[in-house]
Structures are given as structure tokens and as C-alpha cells.
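Presented below is the structure to which this report refers.
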Amino acid sequence: MMQYRKLGKTGLNVSVIGYGASPLGNAFGEVTPEQGIAAVHRAIDQGINLFDVSPYYGLTLAETRLGEALQGRRERVILMTKCGRYGMAEFDFSRARIRRSVEESLARLRTDHVDILLAHDIEFGEWEQIRDETFPALRELKQEGKTRFIGASALPLGILRCAAEQGELDLILSYCHYNLMIQDLDQHLAPTVNGLGLGLINASPLHMGLLTERNPPVWHPAPPDAKLAAREVVDYCKSKGLDVSEIALRFCLDYPDAASTLTGMGSVAEVDHNLAAMKTVTDPALIAQIRMIVGSRFNLTWPSGRAN
């Protein structure tokens, strides 16, 4: 049975597993429209209510497909999309582009508002513009009813702390900073976010594909030592007959300071696999062994954007 947690002071109760919709944009391989729609419907029927997407995912394809899948089900979900990032190296955090972006997203998502709007990967913008132009634009859109709540996402924790402290936001989304490979979120961001009463969402429990038996995508930015450590963890779990991705997701679901953990899903099988993790129990001895395998490569991250 699905579990829910409060998202900061928003009043929203979000499912502890959140639906990452980037696979609908073929970010990790080909997903047919039929597969994507079936996956979204399965997730909703099983109680997943937080859906995360972005115009960047599949260069608008993920939003378009999610909008199609949510027809007749929009009122059952908490819909989150983003603005500011539109391609691998295409960013525009200006007020005018943010406002236009939201209208474009609403059309693709076939709705008159989103529940959460995030400034996407803010480390790629100039901080002064993010603070003085982007965040005020988000607040305007909130006042106008285009979104109910606002927030920011990034990889570097430092800029997320600044956003939490100075942005007048409702929530923060962090990825690849709390999972079996890395846990510095707990020390360097969660205390600030929770102290301010903001919501915290954790993403990438599988470290963007490193903690799976499949080879990671060629574009994965992790340093070689992190990739090697992850492969050793995968091989160890496999040797014990264990599913590393299930262990990794369950570990993140146990983290009490994050309201929800986002993980990508592109098929009914992936939805069911993720739901199965909720029925498992974390083995402290196994986690300790994994931590020993990772060793000195624990908490390795990588540079991203202008601020690190």
C-alpha cells in the first residue's frame, strides 16, 4: 500500500515514490506511446501521485506524452514541471522566457495549471538573475494561479542552499546526492531546507543508472572511480542473488527527511518493480557491506554548471 508524506508547508501529501517522467521522452531508451500511457495509468492506480517532468526531457516529448496519459486523470495527481532548461546546452532564465515556457508546458500537459513549478538546473544560470528575476517570475506565476507552489532544482548543493535561503520558495529538488553511493545531502542541504520548513524531494536513487545491472548511459557524468565503485556494488549484489536497484530504491525510501524519491519509469514492468521495493525491508548488514565496497569513493560527485 502506498505511503505518503507531507511536502514541507505546502499542505500536499506526496507519495514516497514519485514518478520521474524523463523515460517518456526516451531519455534511457525507446519507449512507445502505448507503453508510456500504460505505465502512467498503472502508477496512478497504485497510488503514485507525484509526477515530475520538464520541457527538457525528450525536448518536450515527455511533457506531451504525459499530458496525453493524464487525460481524465489530471485531478488524481500532483503535477510538477520545470522551466529554464530546454536542451543539453540551452538555458534561459529570463522572466519573459519563464512566462512563455509555462504557457507552452501547460498546452503540452493539457491543463490550466501545474501544482509545482521548478526552475530547472539553476547552476547553469547567473545566480543574480536566478535570484532577482527567475524566482520573482515564479512567484508571479504562483500569484496568477498558473502554479500552486514553486521551487528549484540543481546538482550542486551549495546553490540549492542559497535558493532555499533567498528564493522565497516552497520546495527544493536535489538529485544524485542521497543514495547508496553518496549521502552528503543529509549534512549539507537537508538541515537548511527542513529548518526553513520547505519541502525536500530526492531524485535519482539509482544514481542516474549506475546502480542497475544494465550499463549506464554513455553520457553519464560521474567520475571513473564512482562508476567503478557502482559496478562493484552491482556485481556484489548480483553474486548474492539480490536486485541492486530494489535495494537502492528501498534505501532512499527509508530516508525520512525527503518527502518523496523520484525514479524514472517508462513501462508497467518498471512501475511494478519500483512498487515491489516498498514491500522489502532494508538489511543494515548489507548496507554496511555496500558502504565498505564503496570505501573512499563514497560521496563522489561531479561539477555541473557555473557554481559547484
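What pairs come out if I take residues in the range 96-114 that are farther than 13 Å from PHE51 by Cβ and pair them with residues that are open to solvent by 20 Å² or more (accessible area, probe 1.4 Å) and among the charged types (D, E, K, R) whose C-beta lies under 6 Å away, six or more apart or interchain?
Hits for this filter: VAL102/LYS146; HIS113/LYS146.
In this structure, is SER245 farther than 20 Å from VAL14 by Cβ, at pLDDT 95 or above and open to solvent by 30 Å² or more (accessible area, probe 1.4 Å)? Write out each step before concluding.
Details: farther than 20 Å from VAL14 by Cβ: yes; at pLDDT 95 or above: yes; open to solvent by 30 Å² or more (accessible area, probe 1.4 Å): no.
Here the answer is no, as SER245 does not meet what is asked.
I'd like to check something: does the range 250-260 contain any residue that is more than 30 Å from GLN166 (Cα to Cα) and open to solvent by less than 50 Å² (accessible area, probe 1.4 Å)? Outline the logic, then answer.
Of all residues in the range 250-260, those more than 30 Å from GLN166 (Cα to Cα) come to 250-251.
If we keep only those that are open to solvent by less than 50 Å² (accessible area, probe 1.4 Å) as well, we get 250-251.
Yes, the range 250-260 contains at least one residue that is more than 30 Å from GLN166 (Cα to Cα) and open to solvent by less than 50 Å² (accessible area, probe 1.4 Å).
Would you check which residues across the range 205-242 are in contact (Cβ under 8 Å) with a residue 24 or more places away in the chain, outside any loop (DSSP other than H, G, I, E, B) and open to solvent by 80 Å² or more (accessible area, probe 1.4 Å) and list them?
Once the filter is applied, which keeps residues that are in contact (Cβ under 8 Å) with a residue 24 or more places away in the chain, outside any loop (DSSP other than H, G, I, E, B) and open to solvent by 80 Å² or more (accessible area, probe 1.4 Å), the range 205-242 yields ASP225, LEU228, LYS238.
For the range 7-31, which positions are β-branched (Val, Ile, Thr), open to solvent by 10 Å² or more (accessible area, probe 1.4 Å) and either at pLDDT 95 or above or within 9 Å of MET265 (Cβ to Cβ) (or both)?
Selection gives THR10 alone.
It is to be established whether one or more residues within the range 188-196 are under 21 Å from LYS142 (Cβ atoms), under 15 Å from the mean Cα position of the chain (by Cα) and not in a loop (DSSP other than H, G, I, E, B).
Looking through the range 188-196, none of the residues is under 21 Å from LYS142 (Cβ atoms), under 15 Å from the mean Cα position of the chain (by Cα) and not in a loop (DSSP other than H, G, I, E, B).
When you check VAL281 against the structure, is it without any contact (Cβ under 8 Å) to a residue 60 or more places away in the chain and under 30 Å from THR10 (Cα atoms), yes or no?
yes
Does the range 108-120 include one or more residues that are surrounded by fewer than 21 Cβ atoms within 10 Å (Cβ to Cβ), at pLDDT 95 or above, hydroxyl-bearing (Ser, Thr, Tyr) and farther than 27 Å from VAL14 by Cα?
no
Of the numbered conditions (1) of a type outside the set (Lys, Arg); (2) without any contact (Cβ under 8 Å) to a residue 60 or more places away in the chain; (3) in contact with a strand residue (DSSP E or B) (Cβ under 6 Å, 6 or more places away or on another chain); (4) open to solvent by less than 20 Å² (accessible area, probe 1.4 Å), ALA43 fails exactly one; give the number of that condition.
Going through the list (1) of a type outside the set (Lys, Arg); (2) without any contact (Cβ under 8 Å) to a residue 60 or more places away in the chain; (3) in contact with a strand residue (DSSP E or B) (Cβ under 6 Å, 6 or more places away or on another chain); (4) open to solvent by less than 20 Å² (accessible area, probe 1.4 Å), ALA43 breaks only (2).
Yes or no: the range 126-149 includes at least one residue that is outside any strand (DSSP E or B), touching a His at 6+ places or on another chain (Cβ under 8 Å) and not acidic (Asp, Glu).
yes
So which residues in the range 268-308 are assigned to a helix (DSSP H, G or I) and among the β-branched types (Val, Ile, Thr), if there are any at all? Full working, then the answer.
From the range 268-308, those assigned to a helix (DSSP H, G or I) are 268-277, 284-297; that's our starting set.
Listed by number, the residues that qualify are VAL268, VAL271, ILE287, ILE290, ILE293, VAL294.
If a residue must be open to solvent by less than 20 Å² (accessible area, probe 1.4 Å) and of a type outside the set (S, T, N, Q), how many such residues does the range 64-84 contain?
Result for the range 64-84: 11.
Run ASP257 past the list (1) farther than 30 Å from GLY58 by Cα; (2) in contact (Cβ under 8 Å) with a residue 60 or more places away in the chain; (3) in a helix (DSSP H, G or I) and report the number of the one that doesn't hold.
(3)
Out of (1) touching a residue at least 60 places away in the same chain (Cβ under 8 Å); (2) open to solvent by 20 Å² or more (accessible area, probe 1.4 Å); (3) closer than 28 Å to ALA248 by Cα; (4) not in a loop (DSSP other than H, G, I, E, B), what's the single condition that is false for LEU173?
(2)
The values are calculated or read from the model by the stated rules, or taken from the named source; none is laboratory data. Bear in mind that the values here come from a model prediction, so they are computed numbers and not experimental data. Because the Cβ atoms are built from the backbone with ideal geometry, glycine has one as well, and the counts that use them run over all protein chains shown. The protein model used for the area step is the full one, side chains on, heavy atoms only, and it has no ligands, DNA or RNA in it. Shrake-Rupley method; radii C 1.70, N 1.55, O 1.52, S 1.80 Å.
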